[in-house]
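The values are calculated or read from the model by the stated rules, or taken from the named source; none is laboratory data. Nothing here was measured: the structure is a model prediction, and the numbers come from that model. Reconstructed Cβ throughout: ideal geometry from the backbone, glycine too, with neighbour counts over all protein chains shown. Ligands, DNA and RNA are stripped out before the accessible areas are found, and what is left, the full protein with its side chains, is counted by its heavy atoms. Shrake-Rupley method; radii C 1.70, N 1.55, O 1.52, S 1.80 Å.
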Amino acid sequence: MLGLACVAQLHGESVRVLTPPVGKLYHGFYWGGAGTNEHDPTEHDVTPEDVARYEQAVDKQTAWIYFSNNWFESRKFPTALCAWIRDLKKVPFVRLMLRSDVDQKHAEKFFTLQKIIAGEFDADLHAWARDAKTFGSPILIEWGTEPNGDWFSWNGKWNGGAGEGPRRYIAAYRHIVDLMRAEGADNLQWVWHVNWLDEPEKKWNRFENYFPGDNYCDWVALSAYGPTTPTTPDGTESFAFKMREAYPRLMKIAVGKPIIIAELGCDLHNRHVDAAGWAKSALEDLFSNRWPGIVGFCWWNEGWQNDDRKKHDTDMIILHDVDLTRVFRDELERHAAKIQETATISR
């Protein structure tokens, strides 16, 4: 086993993030910042200082840094960002986002599934893969995040509907993975990431229908949020409730695949749910080993505007709430023996 800094030059060899020892969990980090009139979170504006402040607050190290690579901003491999993450001895976890903007609930304007399948972006994907291969160190990567949620443009609703939509998604997913593997970017570890709830709740939109196949994902991931805005009455169920719904299905479709809770979160000011209490229960359940297939988790640490009224802004940033910060610090300390702070890497 090697430290991340030691594997940087192992080009041509497959370097992988191993699952943590049995009974332990990885603790990931996502930082999107706060949305304001002057600033929209880019989903990649994390800095080393953000990581340091978070880890100091919760008194534990994180194994990966999670961020988006939005193609409406750049189609290039994010070398600089991945490099400083590696310098911190952490793993880059990239959301490969072929999309025209961050707006939701609409069909894709440019990076459509049909264009991906037809190879219209192959030159960019080849270049991305070559740069990833040159980077050399292990990278967790996902494309087509939460396909069973109609907020993203790769959901079946926007791509031919029932039947045709999920088939197009799978074809596009496989096209991207096949292309990057053909470039020899074997340090890319593919994560298939779904939402705990199928939205819309239609048989054709069940996440099982979007599964690309065992050979096309190394790990699987789940999003499981509490309420995501101050006013919404939805999503108030406990984390355990969401897992009772999604975990057996995920275990059945992706047999033997490690599972991470890639997105976990709850708005700090929702009138129906106390975020600190929701998070405390979620962390206790995660560390209880109720779901032995789970190997890691990551809080979605971001705030954004929902309309022109500031009191309606979403805020999930742990450091913005004393009680939530204390919950994380206390739970991570109480279960310190169950946390694998540094990713284990294999050749």
**Item:** Search result, residues across segment 110-164 that are within 17 Å of Val194 (Cα to Cα), touching a Ser or Thr at 6+ places or on another chain (Cβ under 7 Å) and surrounded by fewer than 22 Cβ atoms within 10 Å (Cβ to Cβ)
**Value:** Phe152
**Message:** Among (1) more than 19 Å from the chain's Cα centre (by Cα); (2) in a loop (DSSP other than H, G, I, E, B); (3) at negative phi, there is one condition Gly165 misses while meeting the rest; what is its number?
**Reply:** (2)
**Request:** Please identify the pairs in which a residue from segment 276-287 that is aliphatic (A, V, I, L, M) has its Cβ atom under 6 Å from the Cβ atom of a residue that is open to solvent by 20 Å² or more (accessible area, probe 1.4 Å) and not in a helix (DSSP H, G or I), counting only partners at least 6 apart or on another chain.
**Result:** none
**Message:** Anything in segment 278-288 that is of a type outside the set (A, V, I, L, M) and in contact with a helix residue (DSSP H, G or I) (Cβ under 8 Å, 6 or more places away or on another chain)? List them, or say none.
**Reply:** Trp278, Lys280, Ser281, Glu284, Asp285, Phe287
**Message:** Among the residues of segment 261-275, are any open to solvent by 10 Å² or more (accessible area, probe 1.4 Å), of a type in the set (A, V, I, L, M) and closer than 23 Å to Val322 by Cβ?
**Reply:** yes
**Asked** Out of all the residues in segment 324-332, is one or more open to solvent by less than 10 Å² (accessible area, probe 1.4 Å), under 29 Å from Thr42 (Cβ atoms) and either in contact (Cβ under 8 Å) with a residue 60 or more places away in the chain or part of a loop (DSSP other than H, G, I, E, B) (or both)?
**Response** yes
**Asked** Filtering segment 27-50 down to residues that are modelled with pLDDT of 90 or more and outside any loop (DSSP other than H, G, I, E, B), which residue is most open to solvent (accessible area, probe 1.4 Å)?
**Response** Glu49
**Message:** Looking at Trp278, Trp291, Trp299, can you tell me which residue is open to solvent by less than 70 Å² (accessible area, probe 1.4 Å), at pLDDT 95 or above, touching a Cys at 6+ places or on another chain (Cβ under 7 Å) and not aliphatic (A, V, I, L, M)?
**Reply:** Trp278
**Asked** Are any residues in segment 51-77 assigned to a strand (DSSP E or B) and of a type outside the set (Ser, Thr, Tyr), and if so, which ones?
**Response** Trp64, Ile65, Phe67, Asn69, Asn70
**Prompt:** Would you pick out the residues in segment 51-68 that are crowded, with 17+ Cβ neighbours inside 10 Å and either at pLDDT below 95 or among the hydrophobic types (A, V, I, L, M, F, W, C) (or both)?
**Reply:** Val51, Val58, Ala63, Trp64, Ile65, Phe67
